[in-house]
Amino acid sequence: MSIRQQFNTMLNAAECAVTRCGSFRFATSDEKYDAKGLLGIAEVSDAENPADEDSFYVVSPGGAIGFCEDGEDIDWLFLTGTSEDEDLPATYQADPQINFCPKCGSGVVSGARFCGACGAKLNL
Ligand SMILES: [Zn+2]
């Protein structure tokens, strides 16, 4: 599993997270939040500790919220209340570079050996 979407504010991340999960747990304590509580906390956090330019928030597929301060390591702030054992990655993976198949022009992930659309062998 990888995390690829960035959010500039915790509120944006929280708005995404509440569409995936309905209850949250603060990572370093047993405090629990419902969707409304999470959005409230996020709003206060953004007002008091806005993320700087190099930092961003991420949301896991299950709804956990992490903070990425240097664009690499993820510090998970809010875990989902339901799936405590969600396998959360420790690092952020940027979007893979996209190249184009010389035969059919489809976008292919950098490093791929064959085009996923036409099957042509690639030497990218
Ligand atoms: Zn192709």
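The values are calculated or read from the model by the stated rules, or taken from the named source; none is laboratory data. In this text, all values refer to a predicted model and were calculated from it rather than measured experimentally. Cβ atoms come from the backbone with ideal geometry, glycine included; neighbour counts cover every protein chain shown. Remember, those area values only see protein heavy atoms, side chains included, never the ligands or the DNA or RNA. Shrake-Rupley method; radii C 1.70, N 1.55, O 1.52, S 1.80 Å.
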| field | Any pair with Cβ under 9 angstrom, 6 or more apart, that starts in region 107-124 at a residue that is in contact (Cβ under 8 Å) with a residue 12 or more places away in the chain and ends at one that is in a strand (DSSP E or B) and within 8 Å of the ligand (Cβ to nearest atom) | value | Cys115/Val108; Ala117/Val108; Leu122/Val108; Leu124/Val108
| note | Checked region 46-73 for anything open to solvent by less than 20 Å² (accessible area, probe 1.4 Å) and of a type outside the set (Gly, Ala, Ser); matches are Phe56, Tyr57, Val58, Val59, Ile65, Cys68
| field | Meets criteria (more than 13 Å from Leu77 (Cβ to Cβ) and either in contact (Cβ under 8 Å) with a residue 40 or more places away in the chain or assigned to a helix (DSSP H, G or I) (or both)) for Ile41 | value | no
| request: For residues that are touching a strand residue (DSSP E or B) at 6+ places or on another chain (Cβ under 9 Å) and open to solvent by 90 Å² or more (accessible area, probe 1.4 Å), scanning just region 1-14, find the one that is modelled with the highest pLDDT. | output: Asn8
| Within the group Ala64, Ala17, Ala94, which residue is touching a Gly at 6+ places or on another chain (Cβ under 6 Å) and touching a residue at least 24 places away in the same chain (Cβ under 8 Å)? | Ala17
| message | Looking at Glu43 and the list (1) farther than 20 Å from Arg20 by Cα; (2) assigned by TED's automatic domain parsing to the domain that holds Glu31; (3) open to solvent by 90 Å² or more (accessible area, probe 1.4 Å), which single condition is not satisfied? | response | (1)
| task | List the number of the failed condition for Lys36; all other conditions in (1) within 16 Å of the ligand (Cβ to nearest atom); (2) open to solvent by 60 Å² or more (accessible area, probe 1.4 Å); (3) outside any loop (DSSP other than H, G, I, E, B) hold. | result | (1)
